[in-house]
Amino acid sequence: MLTLKGRASEAFSSFVGEVTFAGRPFYARSRAVLVCEELTHAAMGYKGCITSGGRGSWFHPHHIYGVEQPGLLHEGDIVAMDGTGTIEVLWEEGSSQNCLFLTENCNCRCVMCPQPPAQSDPARFLRQAEEVLELIRGRSISDCCITGGEPTLAGKAFFDILRRSAREHPEALISVLTNGRLFSDRAFVRRLAGIPAENVLFCVSLHSELDAVHDAMAGVRGSCAQTQQGIYNLAGYGFFVEIRTVISQYNCRYLAEFAEHLGNYFPFCAHVAFMGLELHGHAETNRDRVEVSPEAYAPCVKDAVLTLVRRGIPVSLYNIPLCLCPAEVRGYARRSISDWKNIYLPRCRSCALREECCGFFSTSSALPETFIKPFTSGGHV
Amino acid sequence: MSGYTLLPFRFRRTDQHDVLMVNECGDFLFLPEQVFERFLRHELPEDDGHFFRLKSHLFCAGEDIEVALHKTAARYRTRKSFLREFTSLHMLVVTLRCNQRCSYCQVSCAGKDASLYDMDVETALKAVDMIFQSPTKHPKLEFQGGEPLLHWEVVTATVAYAEKLARRLEKKVSFVLCTNLTAATREQLEFCREHNVAVSTSLDGDAAVHDACRKDRLGRGTYRVFLEKLALARDILGRDRVGALMTTTAFSLDHLRDVTDEYLRLGMDGIFLRSLNPYGFAAEEAATLGYSMERFVEKYLEALRYIMELNRKVFFPEYFATLLFSRILSPFATGFVDLQSPAGAGISGAIYDFDGSVFPSDEARMLARMGDRHFCLGNVKTDDYREIFVTRLKKLTFVSCLETTFPCAYCVYQAYCGTDPVRNYLETGNEQRNMTHAPFCIKHKGILTGLFDMLRHADDTTRDIIWSWITGNAELVNRSC
Ligand code: SF4
Ligand code: SF4
Ligand code: SF4
Ligand code: SF4
């Protein structure tokens, strides 16, 4: 999530508003946040203000001043701001990578989790998600991703938010990032009844069909079976299911058999995504146990991707820079890393494929520099 | 002893000192012999690479047994889903008359003018009524003969009536005309185009091979006329709406390469290398036309390897291998009547004779022509749908399951094979028989063994080719060179 910093006008509790640069008529200011260079009397009546300039007066709404790059915001963005001077972009207008973040909690303990789960009260996130939904109502959006932590842990709120997004935005693809465990419970899946299935995609993390491998990665014994049962139950309710697999030392060698298994027993899955590691959070702490060198994973990834391609199952590679993809499967690599979080190496500047390449996570603690080889123009090495 | 549970599977020790294992729903694995023994004795360590493979292919399960069984069941259900598409293929014998007299003809074709053997329009419409009572949403009507072109008014009337019923019942009907083409007129072919009737014709090979069997009533070869009419049919209907089938005889058995080349030369999409059906006329000519199944298997596999090589340059599937490969490698059901259990006869396909008699398969009808009406399910003029397709067919189904046939019950290929109670009856007087020396078994066992050998040694390109056949996606094979 893109976050900006400044100083708060006073101590105020967090609120959510819709960014405007252009300004609004007085009667339409109560949900809007004005972004301006200096706070003048034109800044009155808004829910809040953001300025690169100095602090305003007592008659101005709550505001954050001295913000360095307010230009990173767009007209229509939805932000949360609070008394610590933090501005979080909850919704970026026009972006296809928007998320509704429901909780920091998770019922898995993945060794490679980039955002380790925290036992925090999800109330604030749920309120923000509801407010975002309120504000984007009636807008035409392309995508909306419901995520966490593990969003299903929000229980009733999860179903409400999913139902609302899917119903109010039939034009959009609503995806749910989940480990799928809770859906192994029949009573739990049943609560999906009435949620339109046509525009909802469940992206379920399954790292292996072998419980020894998956459970070791997910940190919970029995989760492999639950996740798979969950996938069957979701598909049984007519929902599209994508399978997401993080490539690590644990599962790398078995990826081709895994792909075959998917073809044999999950032929209904809408898409399979193999994902490179983000060396952040637990992945960074457990680096020795999880990281695989590009040399080691390249042949495994190649076999796995081709296995699915042959079977006609759509497949993508996420978070793998093009020069680290075996040539046969380069066409399946996507520019998957969010714009605000991807970086390139200095030597990438000369690379002919930079525009199509996902680059690296700016959050990763280390990059496989020695393997990075820019493409000369024409795309041939 | 470790804590894994074995899931149901069948196996065969191979000549290469490993074991081919196939689980209940058709997933397979090759395992070295010693590993296999240890696995059976529950002595395989659970962190062994082979153990992982066995688990991945559902030959065993641990704490995850519930989900493992769920997966097996799901795939099993999918494979048997042809039972839900009950009954999709309906063959109508429009007439027994034919303008040709092929040496292997099974229809005992009556002379060109013996109109005794024509189906009348009333019977045809009754048959259509019955066909539309099948639960399937996609009935397929196939016009057969004799030569249906010689009794054209019944074809046109049937098509019109079926189209009407399909609209009313919201079903999607498709039509196939099985014809030797040699008597085809422009009008007839235009009718096919207007009503979306696909043409399935016969081509046995190049001029020498084709003319050896496919002759007119004066005994003259038909190759030349056939080519003219093929061009006309393609011209009118479009290339993709005209398919051809071949029948292997002793004349072509040693020349399957040439037959393949001929198919390629004529721009066919692929080829179906079919063995001779040893009944009807053909039995009388067995001495000149026939061959042993062992020889067919050998020649078939030789030709298949040739076709595989060809595919490195051009997309050209062999359809029997395509069918078997998709049964081996994909979880989906294949709608081929000959390879089902319970037998496809009556369930996947049914045939309506010119007089309205209904049979579960073509051979059953042939048997009736020889005087034994054992398999006649009834007549569209006198019996209702339930009587034919429920009561009588059920009796046949009871005796047509591989799962209860010896030695199929234990055979490693059971998941991919089929059964044919009619053929069994023809050979032994009984719907069920010991399959050990049955030609049907020799053929399928031999070919499946050959295909598994190919799979075992398949390189990336071979895999691409096999999958391009299964999925029909020619792009899978890189043919840039
Ligand atoms: S990576 Fe694992 S632990 Fe982290 S949020 Fe996802 S499922 Fe939970
Ligand atoms: S050199 Fe840089 S931009 Fe080019 S493919 Fe590699 S990582 Fe991507
Ligand atoms: S064309 Fe067909 S029906 Fe006619 S004789 Fe030949 S095989 Fe028999
Ligand atoms: S017919 Fe032969 S190959 Fe087929 S299942 Fe029976 S024994 Fe096996």
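Brief remarks follow.
- Residue among B:H444, B:H437 that is buried (at least 22 other Cβ atoms within 10 Å of the Cβ) and not assigned by TED's automatic domain parsing to the domain that holds B:R274: B:H444
- Unmet criterion (only one of (1) assigned to a strand (DSSP E or B); (2) out of contact with any Lys or Arg (no Cβ under 6 Å at 6 or more places or on another chain); (3) within 14 Å of chain A (Cβ to nearest Cβ); (4) not basic (K, R)) for B:F11: (3)
- Matching entry among B:I351, B:I328 (being within 14 Å of chain A (Cβ to nearest Cβ), within 30 Å of B:V259 (Cβ to Cβ) and of a type in the set (V, I, T)): B:I328
Okay, residues lined up against (1) farther than 24 Å from A:P267 by Cβ; (2) within 12 Å of chain B (Cβ to nearest Cβ); (3) more than 23 Å from the chain's Cα centre (by Cα):
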position	(1), (2), (3)
A:C300	no, no, yes
A:L306	no, yes, yes
A:V309	no, yes, yes
A:P314	no, no, no
A:Y332	no, no, no
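- Residue check, B:L393 of a type outside the set (K, R), within 14 Å of another protein chain (Cβ to nearest Cβ) and either touching a residue at least 12 places away in the same chain (Cβ under 8 Å) or under 22 Å from B:R77 (Cα atoms) (or both): no
- Among the residues of the range A:357-378, just one is in a helix (DSSP H, G or I) and hydroxyl-bearing (S, T, Y), namely A:T370.
- Exactly one residue out of B:E318, B:E363 is within 16 Å of ligand 3 (Cβ to nearest atom), more than 14 Å from chain A (Cβ to nearest Cβ) and crowded, with 19+ Cβ neighbours inside 10 Å, and it is B:E363.
- Test: residue in the range A:130-143 that is of a type outside the set (A, V, I, L, M, F, W, C), within 16 Å of ligand 1 (Cβ to nearest atom) and over 18 Å from A:E18 (Cβ atoms): no
- Members of the range B:18-44 that are in contact (Cβ under 8 Å) with a residue 60 or more places away in the chain and of a type in the set (F, W, Y): B:F28, B:F30
- Pairs, first more than 16 Å from ligand 4 (Cβ to nearest atom) in the range B:105-120, second modelled with pLDDT under 65 and part of a loop (DSSP other than H, G, I, E, B), C-beta under 6 Å, six or more apart: B:Q106/B:G280
- Among the residues here, A:C144 qualifies as touching a residue at least 12 places away in the same chain (Cβ under 8 Å), under 30 Å from A:H282 (Cα atoms) and assigned to a strand (DSSP E or B).
- Unmet criterion (only one of (1) touching a residue at least 24 places away in the same chain (Cβ under 8 Å); (2) among the aliphatic types (A, V, I, L, M); (3) farther than 15 Å from A:C106 by Cα) for A:A187: (1)
- The residue that is nearest to B:T5 (Cα to Cα), among those in the range B:37-63 that are within 7 Å of chain A (Cβ to nearest Cβ) and among the basic types (K, R), is B:K55.
- Evaluated against (1) surrounded by fewer than 18 Cβ atoms within 10 Å (Cβ to Cβ); (2) among the aliphatic types (A, V, I, L, M); (3) closer than 30 Å to A:G219 by Cβ; (4) within 14 Å of chain B (Cβ to nearest Cβ), A:A327 falls short on exactly one condition, (3).
- Qualifying residue in the range B:343-354 (condition: surrounded by fewer than 22 Cβ atoms within 10 Å (Cβ to Cβ) and either assigned to a loop (DSSP other than H, G, I, E, B) or touching a helix residue (DSSP H, G or I) at 6+ places or on another chain (Cβ under 8 Å) (or both)): no
- Search result, residues across the range B:134-170 that are among the aromatic types (F, W, Y) and either touching an Asp or Glu at 6+ places or on another chain (Cβ under 6 Å) or closer than 20 Å to B:V358 by Cα (or both): B:F143, B:Y161
- Each residue in the range A:130-152 was checked for being closer than 15 Å to A:T178 by Cβ and crowded, with 22+ Cβ neighbours inside 10 Å, and 7 of them qualify.
- Restricting the range B:454-481 to residues that are among the acidic types (D, E) and within 8 Å of chain A (Cβ to nearest Cβ), the residue that is surrounded by the fewest Cβ atoms within 10 Å (Cβ to Cβ): B:D460
- Among the candidates A:R139, A:R167, residue that is in a helix (DSSP H, G or I), more than 20 Å from the chain's Cα centre (by Cα) and under 19 Å from A:S96 (Cα atoms): A:R167
- Scanning the range A:254-298 for residues that are buried (at least 22 other Cβ atoms within 10 Å of the Cβ), more than 13 Å from chain B (Cβ to nearest Cβ) and of a type in the set (G, A, S) gives A:G276, A:A283.
The values are calculated or read from the model by the stated rules, or taken from the named source; none is laboratory data. Just so you know, these numbers come straight off a predicted model, no measurement behind them. FYI the Cβ positions are ideal-geometry reconstructions off the backbone, even for glycines, and counts take in every protein chain you see.
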